[in-house]
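Report on the structure given below.
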Amino acid sequence: MTEDIVRLYAQKAGAQYGSEAVSQLEHALQCAGLALAEGADGELVAAAFLHDIGHLVAPRAHEVDNDIDDVHQYIALPFLKGTFGAAVLEPIKLHVDAKRYLCRTEPAYWASLSPASQHSLVLQGGVHTPEQAAAFLQQPYAADAVRLRRWDDLAKVPGAATPDLGDIASILADAADRHRPVIAGV
Ligand SMILES: [Fe+2]
């Protein structure tokens with residue numbers, strides 16, 4: 001299954017990432033590279049690489065800068081849940097809410113976002129209210145989602161060095177192997 005995911009990225013992710021200056025594949029590899037540089041575990045590196053897979057599998061793939069919220073953080077989940085566990089899935093699911101949370105809790109954060117990301121924030125529900133921010137933090141993996149979100153925001157640099165797709169493929173396979181005994185109930 002992870003081989004299919006890697007093939008999907010190799011074949012489809014060369015397209016530009018919405019109105020960002022990098023491709024989907026560059027964005028995913030940069031995000032995973034930032035996670036590796038911070039010493040994140042394999043599950044969170046996998047989540048960093050896969051967080052926008054919803055853009056690749058969604059019918060409206062790549063249209064992140066139009067006026068419809070493509071809910072890509074949820075579209076990703078059915079494709080991944082048979083292969084990975086909560087430590088991969090939950091940060092992906094929460095990475096949009098993490099942006100809404102950071103806009104509430106860090107006054108300078110909104111201004112640091114790319115124009116496309118500022119635009120999609122409105123479509124995604126806007127800045128968290130204080131109550132929403134508090135509720136967000138209560139969720140398991142919220143802290144991982146915030147870490148992922150910061151890498152996501154930084155992973156838009158044209159020409160930045162990244163890990164090889166082959167290295168990421170190994171990390172994905174290892175994360176899937178660790179999840180497999182859970183599925184099998186052993
Ligand atoms: Fe992203």
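Going by the structure shown, is Gln24 open to solvent by less than 10 Å² (accessible area, probe 1.4 Å) and farther than 23 Å from Pro140 by Cα? Steps first, please.
Values: open to solvent by less than 10 Å² (accessible area, probe 1.4 Å): yes; farther than 23 Å from Pro140 by Cα: yes.
Yes, satisfied.
Pairs only if they're at least six apart or on different chains, beta carbon under 9 angstrom, first in region 138-157 and without any contact (Cβ under 8 Å) to a residue 24 or more places away in the chain, second open to solvent by 30 Å² or more (accessible area, probe 1.4 Å) and more than 13 Å from the ligand (Cβ to nearest atom); list them, first residue then second.
Within 9 Å, the pairs are Ala143/Leu137.
Which residues, counting only those in region 23-61, are more than 13 Å from the ligand (Cβ to nearest atom), assigned to a loop (DSSP other than H, G, I, E, B) and within 13 Å of Val88 (Cβ to Cβ)?
Selection gives Ala40, Asp41.
Residue under question is Leu148, and the condition is that it be under 16 Å from the mean Cα position of the chain (by Cα) and of a type outside the set (D, E, K, R); does it hold?
On the way: under 16 Å from the mean Cα position of the chain (by Cα): yes; of a type outside the set (D, E, K, R): yes.
Yes; evaluated as a whole, the condition is true for this residue.
Scanning region 11-22 for residues that are out of contact with any Pro (no Cβ under 6 Å at 6 or more places or on another chain), away from the ligand (no atom under 12 Å from the Cβ) and outside any helix (DSSP H, G or I), which turns out nearest to Asp167 (Cα to Cα)?
Filtering first and then ranking leaves Gly14.
Would you mind stating whether Leu77 is open to solvent by less than 10 Å² (accessible area, probe 1.4 Å), on the phi < 0 side of the Ramachandran plot and either touching a residue at least 12 places away in the same chain (Cβ under 8 Å) or more than 12 Å from the chain's Cα centre (by Cα) (or both)? Walk me through it before giving the result.
Details: open to solvent by less than 10 Å² (accessible area, probe 1.4 Å): no; on the phi < 0 side of the Ramachandran plot: yes; either touching a residue at least 12 places away in the same chain (Cβ under 8 Å) or more than 12 Å from the chain's Cα centre (by Cα) (or both): yes.
When the stated conditions are applied, Leu77 does not pass them.
The values are calculated or read from the model by the stated rules, or taken from the named source; none is laboratory data. None of these values were measured; they are calculated from a predicted model. Glycine gets a Cβ as well: all are built from the backbone with ideal geometry, and neighbour counts include every protein chain shown. We work out accessible area using only protein heavy atoms, side chains counted, and drop any ligands, DNA or RNA first. Shrake-Rupley method; radii C 1.70, N 1.55, O 1.52, S 1.80 Å.
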